[in-house]
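Values quoted throughout were computed directly from the atomic coordinates according to the rules given, and no laboratory measurement underlies them. Given the structure is predicted, the values throughout are model-derived calculations rather than measurements. Here the Cβ is made from the backbone with ideal geometry for all residues, glycine too, and neighbour counts use every protein chain on show.
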């Protein structure tokens, strides 16, 4: 998938310096997190501005968009047969009813898809359904306990244009972990990032760069964005290790039985 222009109507923050910086940071994190996930089928749900599967080497990769992206035109992709690798396929569907069989996908990536979903828990349930046992899900979400989360709450009380996501709802990090656990999705890793407040001024955004290392060290859970990686575990399934060879117990040499009573009687007769 190639990089596309932001959908300003849906994500106003993408047009501002914080939005551009956030996309750049998230792109790097996604590249690192999906690069070593192996399998055959991978799916990205929403946010085509982010090429979440570009470093993944699975043979089949899809970008799924819902009704919120009706005005988005897919970029021209490779139709196959060139040296650029397999083409990424775009499809439109409801995230609460994914058009994939159960246990058919090895990786599902949700970059801020849950915040914009009508029923985020149902969407997550669909993701758990289509994942194979041992498959992975990578989720990027906005942290309500952050400066960006504070701006989101203030925007609901007054200026809607100042909100980070006018049409969405932030989902807490620990709340999402509970949802994953209920769906037998075991959290492997989680981390936070982006500690500067959302500002319209590019100059002030650059001046506050010093907040990033400071926030990562002293208040890491207050980052504007979090990432979660979870693995699907099937109840009752246990990975079998290589069978060990049965150890043969060591045996000592058999003792030689002697008839001591017979020897004593023979000695008596000689005397």
| Over all distinct Cα pairs, what is the inverse of the mean 1/r for the stretch 12-237, reported as the Kirkwood hydrodynamic radius in Å? | 18.3
| task | Give the order of 94, 106 when sorted by the count of other beta carbons within 10 angstrom, beginning with the fewest. | result | 94, 106
| What is the fewest-to-most order of 212, 186 by other Cβ atoms lying within 10 Å of their Cβ? | 186, 212
| task | Find how much the distance from residue 175 to residue 219 grows on full extension, using 0.36 nm per residue of separation minus their present alpha carbon separation; answer in nm with one decimal. | result | 13.9 nm
| task | Return the percentage of antiparallel bridges among DSSP beta bridges fully within the stretch 12-237, rounded to the nearest 5 %. | result | 45
